[in-house]
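Read the structure below first, then the notes.
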Amino acid sequence: MIYFKEYLKPKNLQEAYEVLTSKNAKIIGGATFLKLSNQSFETAIDLIDAKLDFIRESENEIEIGAMVTLSEFGDNPIISNLYNGFLKNITENILSFQMRNLITVGGTIFPKFGFSDLITGLLVLETEVHLYKNGKIRLEDFLNTKIQKDILEKITIKKKPLAVSFKNIKNSEYDFSIINIAVSKSENEVKIAVGARPAMAVLITKDLNFFEDIDKAVESLLNKIKFSDDLRASKIYRQKVCKALLKRALREVIQ
Amino acid sequence: MRIKLKVNNKTEEIDIEPHEILLDVLRKLGYYSVRRGCDTGMCGICTVLFDGKPIPSCSVFAARADGHEITTVEGLEDAKAFAKLLSEEGADQCGYCSPGLILNTVYLKKIGVKDLNKAKIKLIGNLCRCTGYESQHRAITKFLGVTK
Ligand SMILES: Cc1cc2nc3c(=O)[nH]c(=O)nc-3n(C[C@H](O)[C@H](O)[C@H](O)COP(=O)(O)OP(=O)(O)OC[C@H]3O[C@@H](n4cnc5c(N)ncnc54)[C@H](O)[C@@H]3O)c2cc1C
Ligand code: FES
Ligand code: FES
């Protein structure tokens, strides 16, 4: 059960950060994951009133506030049209419609969940994470940091001409992915992200030339990615499924 | 702490523990249609509208609802019409899942969903142990005026 003594709804990030660093406090995004945990702390900091539910588009990038929910990925035309609905298609298969009305971008990215489908998709786009204290960090770098006391304010996605593909496999429609992969291709570069290994997603970037023979390229890439066993699937199963999904996604974006 | 929320257009004020869950507070206030199933956000039984959007009330702290509007099945005009269709189609067996299903389906009608496949996808989070869903889908087809 989760227990805390105080519930605050700060109006801005400065107020939120002051409480986060001066008390034994936790940030609340959608609360969907936090609520399931067994822990006690002093103060819950709900960001609902911190004006972080914005989605903005400029010539070069898209900004998505930390309190934007996964439903908005389907409802908002700026995100739902991006790369032919790439992010919309990923998020609309996460849990249920009513849960997606709660689950936030900040609550998905900040804890670096290994199973996250959204993180895998964002990794192959040029995504930056904006933290209140630690500033702007590329998503792939953020995933390797140990930052704990900070607040995710927004993410930005650079608009680039990319061909993209996302694939995953689940035991049932309503479960976590057993493996998820995303691929993007620019003029001469290919990015591949593999998540739900079950550990946190990894990103590999290669020249387009590397994929002249896709079968050979995939064999060599698989040797570099670490998979493990968990309740859902074995390491070997993950490896085999990843191979098939990667080939499909690469053929989609390259040929 | 004391919170003030509007439930079905009625202003309610109540003292809560800061970590209390919305589902429990709504039941304390007498809204017994809001029921606990899985308690993890998976079954949809506890669904309410939060400022007009469906959410699982088991997954939200009640303190978040301070100053917001909640609608339960008791406050939905169209609920009776859909409940009647559920019962005519044999889709109301133990009835435990009905409030959540009704709330979501009425919401789908409001946003103009008329495609059964779209409705099924949107209702994936409303689990039912009794009906096998076919009878629910017949009732939903009639209620939404499904065109394909
Ligand atoms: C039953 C279940 C099934 C799920 N299945 C899937 C699935 O199939 N695929 C998938 O991708 N995901 C799945 N999820 C995960 C879901 O996406 C998470 O619940 C979600 O990512 C948590 O988001 P939230 O906004 O509710 O975060 P919260 O629960 O509020 O927070 C999660 C953590 O992030 C911190 N946090 C939140 N916001 C911020 C911020 N702005 N800055 C800093 N820290 C912050 C919190 O302190 C907490 O530690 C599932 C979750 C559940 C409960
Ligand atoms: S009790 Fe809330 S979703 Fe199951
Ligand atoms: S009618 Fe019994 S759970 Fe749905």
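Each value in this text was obtained by applying a stated rule to the coordinates, not by laboratory testing. It should be emphasised that the depicted structure is a prediction, and the values quoted were computed from it without experimental measurement. No Cβ is skipped: glycine too gets one built from the backbone with ideal geometry, and neighbour counts run over all protein chains shown.
Here are some notes:
- Formal net charge of residues neighbouring B:Cys43 (Cβ-Cβ distance under 10 Å; K, R +1; D, E -1): +2
- Remark: region A:164-169, residue by residue, has Karplus-estimated 3J(HN,Hα) of 10, 8, 10, 9, 8, 9 Hz, where x stands for each Gly or Pro and the curve is 6.51 cos²θ - 1.76 cosθ + 1.60 at θ = phi - 60°.
- Net length gained if the chain between A:Lys159 and A:Asn84 were fully extended (0.36 nm per residue, minus Cα distance): 25.7 nm
- Percent RCO, i.e. relative contact order, over region A:99-216, from Cα pairs under 8 Å lying at least 6 residues apart: 26
- Taking chain A as a Gaussian network of alpha-carbon nodes connected by springs under 10 Å, the highest mean-square fluctuation of the residues A:Glu212, A:Glu72, A:Glu140 belongs to A:Glu212.
- Alpha-carbon Debye profile of chain A, log10 I(q)/I(0) at 0.07, 0.10, 0.11, 0.15 Å⁻¹: -0.24, -0.50, -0.60, -1.09
- Net charge of Cβ neighbours under 12 Å - reference A:Gln255; Lys, Arg +1; Asp, Glu -1: +2
- Listed values for region A:149-159 are Karplus-derived 3J(HN,Hα) couplings in whole Hz (6.51 cos²θ - 1.76 cosθ + 1.60, θ = phi - 60°), namely 9, 7, 10, 6, 8, 6, 10, 10, 10, 6, 7, and x replaces Gly and Pro.
- Most mobile listed residue (B:Pro99, B:Pro54, B:Pro18) in chain B, GNM with C-alpha springs under 10 Å: B:Pro18
- Helix-derived mean residue ellipticity, 222 nm - over chain A, DSSP H n ≥ 4, -39500 (n - 2.57), to 500: -7500 deg cm²/dmol
- Volume of the Cα convex hull of region B:96-148, divided per residue and given in Å³: 68
- GNM result for chain A, Cα springs below 10 Å: residue of A:Asn144, A:Asn180, A:Asn93 fluctuating most strongly: A:Asn144
- Using a cut-off of 18 Å between Cα atoms, the listed pairs A:Lys5/A:Lys146; A:Lys136/A:Lys226; A:Lys160/A:Lys191 include A:Lys5/A:Lys146; A:Lys136/A:Lys226 as exceeding that distance.
- For chymotrypsin sites (Phe, Trp or Tyr not before Pro), the sites in region A:118-176 that DSSP calls loop and that have at most 14 other Cβ atoms within 10 Å are A:Tyr174.
- Rounded to whole Hz, the Karplus (6.51, -1.76, 1.60) HN-Hα couplings of region A:139-147, x for glycine and proline: 3, 5, 6, 4, 4, 9, 8, 10, 4
- Rg/Rh, computed from the Cα trace of region A:168-252 with Rh as the Kirkwood radius, has the value 0.97.
- Structural descriptor for chain A: relative contact order 15 percent, calculated from alpha carbon pairs under 8 angstrom and at least 6 residues apart.
- Taking Lys and Arg as +1 and Asp and Glu as -1, the other residues whose beta-carbon sits under 14 Å from that of A:Pro198 total +3.
- Estimated dipole of chain A in Debye, rounded to 20 [Cβ of Lys and Arg +1, of Asp and Glu -1, Cα centre]: 700
- Largest-first ellipsoid semi-axes for region B:10-133, taking √(5λ) over the Cα gyration tensor eigenvalues, angstrom: 25, 15, 14
- Amide hydrogen proximity for B:Cys43: with H placed 1.01 Å from N in the peptide plane, the residues at 5 or more positions away or on another chain lying under 5 Å are B:Cys38.
- At 0.890 mPa s and 25 °C, Stokes D of region A:94-170 from Kirkwood alpha-carbon radius, µm² per second: 181
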